[in-house]
Structures are given as C-alpha cells and as structure tokens.
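Student: Okay, handing you the structure first.
The values are calculated or read from the model by the stated rules, or taken from the named source; none is laboratory data. Just so you know, these numbers come straight off a predicted model, no measurement behind them. We place every Cβ from the backbone using ideal geometry, glycine too, and count neighbours over all the protein chains shown.
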Amino acid sequence: MTGGKGMLRLYEAETITAGDFYLNPFGTFFVTKIPNTAILAKDYTINLGLTLGISRRFEAFAHLVPYQSDQVHVIGPPGDTKIGLKITIPGSPQFGIVTFADFPTARMHPLAYEPYSEGAVGYALLGLLTLDFRRAASPLPVKITLNAGYRSHDIGKKIVAGETDQLIGGIGMKLAIRSVQIFTELTGEIFFNNPAINLSQNSLRWSAGYKFLIGGIIFDVGGDIELGGYKPSQRERNQKPRFLEDYADWKIIIGMTYRWTLCKNWDKATKQAQTQEQIKEQESEEIRQQRQKVIDELQEYEKRLRDEKKKDVPF
C-alpha cells in the first residue's frame, strides 16, 4: 500500500525506473459485531499511491486516503496525505532513505482509528535495507526488506519529545514462484514517549499475501492480523485527547498496480544504464548462441563416432 515497488506497509530500497509513473489503488475491509448491540463495526479504507521515478537514485510519491470509515458509519472522512521522497544507494545490499511530510487532510483529529494521526503537519524519516537474492547463487529467489525510522505527528513539537511520536518499521520477505510472488511482513507503529501507553496499545501487524500479473496489471490479494490485541475501556474511549481506538483484528486487502512510461530515457544516467543493460543482454545472447553451437557440433561429432563404430563392429 506504500506504492511503487514497495510491499504492503514497507518501502523497498529499490526505486522505480526514471520516467515511469505507478498508480496503486488498494482497499482494506474489516467488520465485526459490537458486543451487546446489533451494530456492526466497519473498517473500510481506500488507499491511493502515486509514484514517479525521477532518476536511478530518486523517486517521489504521494499517498492519499480518499475514504476511510470510522468503524460505525458507512460513510467516513478521508484520511491524511503523505508527500515524500525516496533516495536509494545502489549496491548489494541496497540501502535507501525515505522521508515524507504528513498533512492533516482528514476532517477530524485525532483519528479514532488506524492509523493514528494528529491535526497537524508531521514528518517521518526511515532507513531502508533490501537484500535481493533472486540473481545470486541462492536456492530460493528471495528478496528481504527492512525498514526502521522515526515519525513525529506534529512538526511544531520538539524532536523525540511529543507523547504521540512513534518508532516505525518492520521486516518483510518476497518469494518468487514462477509468475507469482508470495510476500509476508511484520510491521509496527510504536508510541515510545508516552508512559500511559503499553506495547499492546500500538499498531502491530503481521501481513501476508501474493502478487500476480494479468494483462499488464499487478494484482495483490492478502490480509493482515493485528498482534497487539488492545481493547480500550469506556473511560479510555471518553478521554480527551483520545490517542487510541480499537484496531481492526484482521483485514482483507485487495489492490492493484499499473505502470505508465511517461518518458523514455528520462535522464542521462538512466539512458546509459539501459544501454549497458542492452549490451550485456546482447553479449549474453551471443555467448549462449556460441555455447549452443559448440554443443550441437559435439553432438554431431558423437553421432558420427557411433555410426563409424557400428560399421566396424556391426554386432
């Protein structure tokens, strides 16, 4: 749901191709019956990721929440908006940095449902690490991603001083099986400067699912489970400000990714990289053809030897 080449809640260190534009709409669904009532608590959310490749090292993104229910009513307010930048450091392993500003575009704050946010401009900074074993001499085509960072929900407060500041991050893995990718990840948003909040009162999630390609569109089908299991009391629900509310115990997640190439050879570095890649592919193809020619000649020579042996020793 982070857009681009990310997973559900994690950012991969790898950037998309310069000049490409990714559109990532995702929907999540959860429903449960409120105890001692006939009311269904609903959690419907629509996420929209927009990602633009700027160069080999940079990509820009925006994450919108056009619709998010309030766990009671069918129609709820929109969520907040993130606008950010990803920087990658090519290599193996691959490192990266994500920074974004969080704008309070929701109609009410603090949001009484996941994810938590205040009515102020916030910011975040994350370090990224991606280990890609798909092209290495590994028995399994696995890609592992780690995120770790800090998030302030109010830019006007001192760094690491706000009661709603969070440590955010997680670890995830993708496994390619033919044309399908299976993924799993463990993520968390942890309040660390509020003594009244314990670990179970944070958003801690385990997610899993798979990706597949149909007609040029990548589809994601998955789900996640909330690990904290926190249930606020009625007194906590009535408190002001109210930092926390029921997190959905589980969620069904369905999404898609579509890519447009807005401009080929967007920058010189990308053009050179593409040219080098084409040269390598051409050289690999020539080597493959030469190997195949040698194999064919050896097989032909072996066949002639067998035929001559049959003439000398017919039995």
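Student: Just give me the residues in segment 276-308 being over 30 Å from residue 56 (Cβ atoms) and either in the same structural domain as residue 56 (by TED's automatic domain parsing) or charged (D, E, K, R) (or both), in sequence order. If you could, list the steps in order and put the result at the bottom.
Tutor: Going through segment 276-308, the residues over 30 Å from residue 56 (Cβ atoms) turn out to be 289-308.
Passing the criteria: 291, 293, 296, 297, 300, 302, 303, 304, 306, 307, 308.
Student: Quick check on my filter: what residues within segment 169-206 are buried (at least 20 other Cβ atoms within 10 Å of the Cβ), closer than 21 Å to residue 244 by Cα, of a type outside the set (Ser, Thr, Tyr) and touching a Phe, Trp or Tyr at 6+ places or on another chain (Cβ under 9 Å)?
Tutor: 191, 201, 202, 204, 205, listed by residue number.
Student: For residues that are in contact with a Ser or Thr (Cβ under 9 Å, 6 or more places away or on another chain) and either within 30 Å of residue 4 (Cα to Cα) or not aromatic (Phe, Trp, Tyr) (or both), tally how many sit in segment 199-230.
Tutor: Taking segment 199-230 as the starting set, the residues that turn out to be in contact with a Ser or Thr (Cβ under 9 Å, 6 or more places away or on another chain) are 203-209, 211-213, 217-220, 222-230.
Filter again for either within 30 Å of residue 4 (Cα to Cα) or not aromatic (Phe, Trp, Tyr) (or both), leaving 203-209, 211-213, 217-220, 222-229.
Count: 22.
Student: Also: So which residues in segment 22-49 are surrounded by fewer than 16 Cβ atoms within 10 Å (Cβ to Cβ) and modelled with pLDDT of 85 or more? Steps first, answer last, please.
Tutor: Just the residues of segment 22-49 that are surrounded by fewer than 16 Cβ atoms within 10 Å (Cβ to Cβ), to begin with: 23, 31-40.
Correct list: 23 only.
Residue-by-condition table, conditions (1) β-branched (Val, Ile, Thr); (2) in the same structural domain as residue 165 (by TED's automatic domain parsing); (3) surrounded by fewer than 13 Cβ atoms within 10 Å (Cβ to Cβ):
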site: 210; (1), (2), (3): no, yes, no
site: 214; (1), (2), (3): yes, yes, yes
site: 220; (1), (2), (3): no, yes, no
site: 225; (1), (2), (3): yes, yes, no
site: 229; (1), (2), (3): no, yes, yes
site: 233; (1), (2), (3): no, yes, yes
site: 238; (1), (2), (3): no, yes, yes
site: 242; (1), (2), (3): no, yes, no
site: 257; (1), (2), (3): yes, yes, no
